[in-house]
Amino acid sequence: MSSSTAYTRSYGSRASGFDNPTAKLTLEIMERKKSNLAVSVDVTDANDLLAIIEAVAPYTHVDIIDNFDFSLIERLEQLSQTYDFVYFEDRKFADIGNTVALQYSSGVHKIASWSHLTNAHPVPGPSIIKGLSSVGLPLGRGLLLLAEMSTKGSLAVGTYTEEAVRMARQHRDFVIGFIAQKRMDGVGANLDEDVSAEDFLILTPGIGLDSKADSMGQQYRTPYEAVFESGCDIIIVGRGIYGTDPKAVDTIAAKAERYMAEGWAAYLARTNVS
């Protein structure tokens, strides 16, 4: 369990500690909606995409969109405003600074123009943050680094994770947190570094209430294990909510509400916030 002061503080009280607009907005929305649920929407049909977002939006503050046509962006922005949530494009950038800057700003998807959050692998080094921040920072966007993964045998451990955190510390204006399995506050700090007040958002995948693993190496934890025991801030749930039938809107909404309730209860237990 983390000794970070962020562990026991409310989302709302932590918002003031961030200068990045997306970090502030995300924490404030979580507080307003009483939700720390992110729904990972990975479908290929535009109608399914919109239907799932409308079904889960009352229970979420973040949606992850992988497949869409650019003509949908106006509708997506309307939904974000109507239901009070932010978008996280799970792009997982992993190239040199100049290349990722072009991928982030241009091409078919023009990610920076609509997505509040995106993420990147730290493998290329600090240049990947510089490239992405040259596009996203002027727009008030935020970046997450993939410090850990939820798959069995992941190589994102030990020194790799420590270096990801060190990179983030050097770019706190744009890097607002991590994809990780636990709190990263204080990880890899030097003895002469004072990181007692350090705070990063932790979004964690691999959340499931009815399964512990899948056939492709994914490992699942409950919202309680992730939020209360490991100190994560946001639970990312995909197939556990929309399963194999993205058209089952009523079922999807019910499952989203279930995960939202479990995630929020774990947060209340962790912070003693009533």
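The values are calculated or read from the model by the stated rules, or taken from the named source; none is laboratory data. Note that this is a predicted model, so its numbers are computed, not measured. Positions of Cβ are generated from backbone atoms using ideal geometry, with glycine treated the same way; all protein chains shown enter the neighbour counts. All accessible areas refer to the heavy atoms of the entire protein, side chains included, with ligands and DNA or RNA removed. Shrake-Rupley method; radii C 1.70, N 1.55, O 1.52, S 1.80 Å.
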Loop-located trypsin sites (Lys or Arg not before Pro) in the stretch 130-194, at most 14 other Cβ atoms within 10 Å (DSSP): Lys152
Proximal aspartates and glutamates to Lys34, defined as alpha-carbon separation beneath 13 angstrom and excluding residues fewer than eight positions away on the same chain: Asp84, Asp233, Glu257, Glu262
Alpha-carbon centroids, the stretch 230-274 and the stretch 141-199: separation in whole Å: 24 Å
Cα-Cα over 20 Å, subset of Lys152/Lys182; Lys33/Lys255; Lys33/Lys110; Lys33/Lys247; Lys110/Lys130: Lys33/Lys110; Lys33/Lys247
Given charges at beta-carbon only (K, R positive; D, E negative), |dipole| of the stretch 91-232 in Debye: 560 debye
Protein accessible area in the chain, 1.4 Å probe - carbon and sulfur %: 52 percent
Equivalent ellipsoid semi-axes - Cα gyration tensor, the stretch 1-153, angstrom: 23, 22, 15
Unit charges at the beta carbon, dipole of the chain: most positive-side option, Ile236, Thr22, Tyr224: Tyr224
